Amino acid sequence: MFNSLAHRPWHVFCRVSLQHRAPLSQRSPRFPQLCHGWQNGGIHSLWFSLPDCRVASSGLGKVQYYSTSGNSKDGPPKSASGDAPSAEKVLSAAAKATPASPGSTPLGLTKAETIQVKVRAVLKKREYGAKYTQNNFITAVRAMNEFCLKPSDLEQLRKIRRRSPHDDTEAFTVFLRSDVEAKAIDVWGSHEALARERNLRKEMEREYQENIFRNQQLLKEYKDFWGNTKPRSGKRTTFLQGPGKVVMVAICINGLNFFFKLLAWVYTGSASMFSEAIHSLADTCNQALLAVGISQSVRNPDAGHPYGFSNMRYIASLISGVGIFMMGAGLSWYHGIMGLLHPEPIESLLWAYCILAGSLVSEGATLLVAISEIRKSAHQNGLSFYEYVMQSRDPSTNVVLLEDAAAVLGVILAAGCMGLTSLTGSPYYDSLGSLGVGTLLGAVSAFLIYTNTEALLGRSIQAERVQKLTEFLENDPAVRAIHDVKATDMGLSKVRFKAEVDFDGRVVTRSYLEKQDIDQILNDIQQVKTPEELESFMLKHGENIIDTLGAEVDRLEKELKQRNPEVRHVDLEIL
């Protein structure tokens, strides 16, 4: 056995134990130096070389000293000088104490004493270093971009089919990075020449990026190549239904209201009418900004924005809230304060009343359209009207709703203050109406800023929905436990789900074995005779089991998306 192990790349450890059947006090000390260890107490260990003419290489042994005393401590017995006895001294003392004779046990031990030799083979640890890329896979695109190769250069390399990380393809072809590097050196001659070619191509790419805006045709071809274009009618249909329709109706109505209110202010000089005109102008500008946000939010994801542009609606709504505060509330407060400090007589308010009545009807119609759209969306998401508005599920429609609600209340407030001015003849009531409209706009802007900021920060979905997603994963036989669950609302009813998954390795391995030829595997096991063959067998099936685990992750992510359409991005990490 030792001869067969001597020439293999394995470490061999021999553990020698001395076991005594009789009590120590009744046995004669055969090894004086060993008895010294018993007397001192403790279990002591000493490593030494065990020479043997039958063994090609020296093994390692471990002698254990046993004692009946209770204060035993670890470590070998110390000599008078405080140093542990060497292996040579122990063996020589044992040999002198009991010389070997025919038929006797090794080292002069009696039959009651046994020597147990335990051999444990350990595979040598392979040192990979700080950087190891020999077994890395890269795609054809990376091979051509990073190593400046042509498709014809890759035809002669080894091609490996791997499981695809994308949902639309099952497998794709990759190449060994070591093969690609060797081919690149063969094509370019040296690492320096390859580095020069890389720098040259980077410079060409930089020049291309600078000129891309001056050549619209190249830009179109670039987008067509990467698949980032969308049908021409995409933006048009966006504004014919849902939030886009509500915003377009609001822009048209508020634009007309601003025009007529401005004429009424010029004719009457009323501070309340000026505030209403500014209010309508602010609404028109903000809703135009919402239209831009809706248009940008439907863009497809690209390399720079892998999760898309859906948050553009929240950004536009946030800017709209800031605009309402600065333009609407600020100018209304300013005009109201100036009216209190420098009151001026007001002309006939008849035309102002007529325009306010028309504004009330138009703003009310827009408000009803926004309410109808929010009710429909809230019903589709299983939420109440109040919950849908407070959670800012549809920021564009929320802005229209709040702006039109504030407009209706502002028209009523302005009409009431103008009526008091007509009855009393005092312009102070009209100025107070302007301050009231400004305060109303400030409250609306504060609410919009708060809700959209919360949405942009990334809030968690409801606990009930998180529990539902977690239970679905835990009910799968391949999953032992779920930890560190994070379900974030990305806006527009899109959810990103992340969790740490503790997989059951036995289920995953059984799933792998169900797809294999068991007879062939058994035959391969029987053919294993050497450590090298065992290593090759384990590496082959170990890599396949890891691939099976990756396939299980893909399966869970796909089923999770199918059962929960609102979950657009799933990130399951193996624990």
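Against the conditions (1) of a type in the set (A, V, I, L, M, F, W, C); (2) loosely packed, with under 13 Cβ neighbours inside 10 Å; (3) touching a residue at least 24 places away in the same chain (Cβ under 8 Å), Leu350 satisfies every one except (3). Inspection of region 393-409 finds a residue satisfying the criterion of being assigned to a helix (DSSP H, G or I) and farther than 18 Å from Cys252 by Cα. Set side by side, the residues Ser280, Ser320, Ser295 differ, and just one is in contact with a Cys (Cβ under 9 Å, 6 or more places away or on another chain) and modelled with pLDDT of 80 or more, which is Ser320.
Looking at this structure, is Arg496 of a type in the set (D, E, K, R) and either exposed (fewer than 13 other Cβ atoms within 10 Å of the Cβ) or free of Cβ contacts under 8 Å to residues at least 40 places away in the same chain (or both)? Judged against the criteria, Arg496 is not a match. Gly433 fails exactly one of the following numbered conditions: (1) in contact (Cβ under 8 Å) with a residue 12 or more places away in the chain; (2) surrounded by fewer than 24 Cβ atoms within 10 Å (Cβ to Cβ); (3) farther than 27 Å from Met248 by Cβ. What is the number of that condition? With (1) in contact (Cβ under 8 Å) with a residue 12 or more places away in the chain; (2) surrounded by fewer than 24 Cβ atoms within 10 Å (Cβ to Cβ); (3) farther than 27 Å from Met248 by Cβ applied to Gly433, the lone miss is (2).
Scanning region 478-500 finds no residues that are assigned to a helix (DSSP H, G or I), of a type in the set (Gly, Ala, Ser), farther than 30 Å from Tyr314 by Cα and at pLDDT 90 or above. Output the residues belonging to region 418-430 that are out of contact with any Asp or Glu (no Cβ under 7 Å at 6 or more places or on another chain) and either open to solvent by less than 10 Å² (accessible area, probe 1.4 Å) or within 17 Å of Thr397 (Cβ to Cβ) (or both). Once the filter is applied, which keeps residues that are out of contact with any Asp or Glu (no Cβ under 7 Å at 6 or more places or on another chain) and either open to solvent by less than 10 Å² (accessible area, probe 1.4 Å) or within 17 Å of Thr397 (Cβ to Cβ) (or both), region 418-430 yields only Asp430. Could you grab me the full set of residues in region 147-175 that are modelled with pLDDT of 85 or more and under 26 Å from the mean Cα position of the chain (by Cα)? The answer is Thr173, Val174.
Summed over region 395-417, residues that are open to solvent by less than 10 Å² (accessible area, probe 1.4 Å) and under 25 Å from Ser317 (Cα atoms) total 12.
Each row is one residue, and each column tells you yes or no for (1) under 19 Å from the mean Cα position of the chain (by Cα); (2) farther than 17 Å from Lys498 by Cα.
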residue: Lys529; (1), (2): no, yes
residue: Glu532; (1), (2): no, yes
residue: Asp547; (1), (2): no, yes
residue: Glu552; (1), (2): yes, no
residue: Arg555; (1), (2): yes, no
residue: Glu559; (1), (2): yes, no
residue: Gln562; (1), (2): no, no
residue: Arg568; (1), (2): yes, no
residue: Leu572; (1), (2): yes, no
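Determine whether region 348-362 contains at least one residue that is more than 30 Å from Glu566 (Cα to Cα) and not in a helix (DSSP H, G or I). Yes - at least one qualifying residue is present in region 348-362. For region 190-213, the count of residues that are of a type in the set (Gly, Ala, Ser), at pLDDT below 85 and surrounded by fewer than 16 Cβ atoms within 10 Å (Cβ to Cβ) is zero. Taking region 505-575 and the helices (runs of 4 or more DSSP H) fully enclosed by it, the elements with 3 or more residues that are open to solvent by 80 Å² or more (accessible area, probe 1.4 Å) are at 518-527, 531-563. Checked against the criterion of being in a helix (DSSP H, G or I) and at pLDDT below 85, region 456-474 contains one or more residues that satisfy it.
The values are calculated or read from the model by the stated rules, or taken from the named source; none is laboratory data. Note that the structure is a prediction, hence the values are computed from the model and not measured. Ideal geometry is used to build each Cβ from the backbone, glycine not excepted, and the neighbour counts take in all protein chains shown. When the accessible area is computed, the model is the full protein with side chains, heavy atoms only, and any ligands, DNA or RNA have been set aside. Shrake-Rupley method; radii C 1.70, N 1.55, O 1.52, S 1.80 Å.
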